[in-house]
Amino acid sequence: MKKTSLSNLIAAAVLIAIPSLAFSKTYVGLKGESQIAYHLHHPMHEIEGASKDFDCTVDLGSDTTHAKVHVKAKIENFNSGNSSRDSHMMEVTDAMKYPFVEFTSDSVRHETSGYRVFGKLSFHGVKKNLDFVVVPTYVKDRIDIKGGFTVSLTDYKIDRPALLFVKTADELNMALDVVVKQ
């Protein structure tokens, strides 16, 4: 009788644990379909570039506060359509010394407009707290997660690029569009 009670107790504990395991899932951004883009303003023109070759994982726990988001992109993989501009971008960001820009979340909070992601952005050897909102859209067998944020180049110790002795704006606007399979 004690064996039956003990085995029933173990079975109940396993059944209680299974739902939290069932909700735990890892999503991986699809390269080529996902994109990180940047926008930088100069009085004479707008500068834009993007990368479709970066790593992104979203690990969902039993609730969103335990979700983990990790994004890592090689600076050299960003393309503005102008090789001279891209080479200069590699110089000002010291891409040989700091080849990656990387974000790792601390927590995620549900909001009416989507999810606020809190974490740290490592860029140009500087690590700073960052939070931004992402909005998932569910289409067939995919989830499209869009979001964006702005960083200060000087906060990350990057000397702002100049054209004809006129520097760009300090604000670097980033847009994320991560596509994952459900």
Applying the selection to segment 161-182, what residues are under 19 Å from SER51 (Cβ atoms) and touching a helix residue (DSSP H, G or I) at 6+ places or on another chain (Cβ under 6 Å)? PRO161
Which numbered condition ALA169 fails, given (1) among the aliphatic types (A, V, I, L, M); (2) assigned to a loop (DSSP other than H, G, I, E, B); (3) closer than 29 Å to LYS181 by Cα: (3)
Within segment 106-157, considering residues that are in contact with a helix residue (DSSP H, G or I) (Cβ under 6 Å, 6 or more places away or on another chain) and not aromatic (Phe, Trp, Tyr), the one nearest to MET90 (Cα to Cα): HIS124
If I go through segment 143-170 residue by residue, how many of them are of a type in the set (D, E, K, R), at pLDDT 90 or above and exposed (fewer than 15 other Cβ atoms within 10 Å of the Cβ)? 2
Provide a single number: the residues in segment 126-182 that are in contact with an Asp or Glu (Cβ under 8 Å, 6 or more places away or on another chain) and polar (S, T, N, Q). 5
Read through the list (1) farther than 25 Å from GLU46 by Cα; (2) over 13 Å from the mean Cα position of the chain (by Cα); (3) at pLDDT 90 or above, then give the number of the only condition that ARG116 fails. (2)
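The values are calculated or read from the model by the stated rules, or taken from the named source; none is laboratory data. Source: prediction; values computed, not measured. Neighbour counts run over all protein chains shown; Cβ positions are idealised from the backbone, glycine included.
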